[in-house]
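**Q** Quick one: the structure is below, questions incoming.
The values are calculated or read from the model by the stated rules, or taken from the named source; none is laboratory data. A quick note: this is a predicted structure, and the numbers were derived from the prediction, not measured. Ligands, DNA and RNA are excluded from the accessible area calculation, which covers all protein heavy atoms including side chains. Shrake-Rupley method; radii C 1.70, N 1.55, O 1.52, S 1.80 Å.
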Amino acid sequence: MRHLSLSHPSLMALLAGLVLAGCADVKEAGRTIGHTTKQVTRDIGHTTRDVTREIGHGTRDAVKQVGEELSD
């Protein structure tokens with residue numbers, strides 16, 4: 001009966017294949033996380049921009065109204 005050792009070529013090829021397959025899964029998971037993070041960050045940025053714009057417009061309108069009331 002022969003015993004396989006870690007230096008046996010077919011066992012090394014099998015282990016290399018498993019490692020490469022695992023790396024592909026990790027790479028794909030990383031890519032998915034990266035794209036999701038990018039999208040969430042973009043959405044937060046756009047929302048922040050829109051809210052800031054609305055606050056600025058509201059402030060501008062309030063100052064304008066106060067100025068008009070003072071001149072009357």
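**Q** Can you tell me the Rg and Dmax of the chain, counting just the alpha carbons, in angstroms?
**A** Values for the chain (Cα only, Rg and Dmax): 30.7, 107 Å.
**Q** Probe radius 1.4 Å, ligands and nucleic acids ignored: give me the carbon and sulfur share of the accessible area of the chain as a rounded percent. Present the calculation step by step, with values, prior to reporting the outcome.
**A** Values: 4230 of 6410 Å².
The computed percentage sits at 66.
**Q** Helix 9-71 sits at what angle to the longest principal axis of the chain, using alpha carbons and giving 0 to 90 degrees rounded to 10?
**A** 0
**Q** Keeping every protein chain present and rolling a 1.4 Å probe, give me the accessible area per residue for segment 2-72 in Å². Walk me through the numbers before you get to the answer.
**A** Details: 6200 Å² over 71 residues.
Ligands and nucleic acids excluded, the figure is 87 Å² per residue.
**Q** Hey, another quick one. 222 nm [θ] for the chain, helices only, -39500 (n - 2.57) per DSSP H run of 4+, per residue, to 500? Let's see the in-between values first.
**A** Details: 1 runs with 63 residues, N = 72.
Estimated from H runs of four or more residues: -33000 deg cm²/dmol.
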